[in-house]
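Peer 1: Provided herewith is a single structure, encoded as structure tokens, for subsequent inquiry.
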Amino acid sequence: MDNYGACSDEVLGCVATHKTLDGVKKAYTESLEWHLNAMQTDGDEIPEALQESYELEFELIHRLCCTILEMNLPRWFKSNCPKII
């Protein structure tokens, strides 16, 4: 099952996910607009790159995210493999 996520280092906490690439682009664009409006309402500083007119560019990066939970794994594996949470 594929899922796409979008975020930016410019606006921490602004994220979007969707099951299609076009869907995540649309969702992130809407999320960013909402996020910037909320920042402005709260009196937070808007990142300089987003204060004027801007154009979003998306870069497709493949990442595998996983969490190791309590599983029936050999003891040596558990002790040699860090727990990712």
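The values are calculated or read from the model by the stated rules, or taken from the named source; none is laboratory data. Computed from a predicted structure; not experimentally measured. Positions of Cβ are backbone-derived with ideal geometry, glycine not excepted, and every protein chain shown enters the neighbour counts.
Peer 1: Select from region 1-38 the residues that are assigned to a loop (DSSP other than H, G, I, E, B) and either surrounded by 14 or more Cβ atoms within 10 Å (Cβ to Cβ) or at pLDDT 95 or above (or both) and list them in ascending order.
Peer 2: Scanning region 1-38 gives Ser8, Val11, Cys14.
Peer 1: Another one. If we scan region 39-51, do we find a residue that is loosely packed, with under 14 Cβ neighbours inside 10 Å, assigned to a helix (DSSP H, G or I) and among the polar types (S, T, N, Q)?
Peer 2: The answer is yes, given that some residue of region 39-51 is loosely packed, with under 14 Cβ neighbours inside 10 Å, assigned to a helix (DSSP H, G or I) and among the polar types (S, T, N, Q).
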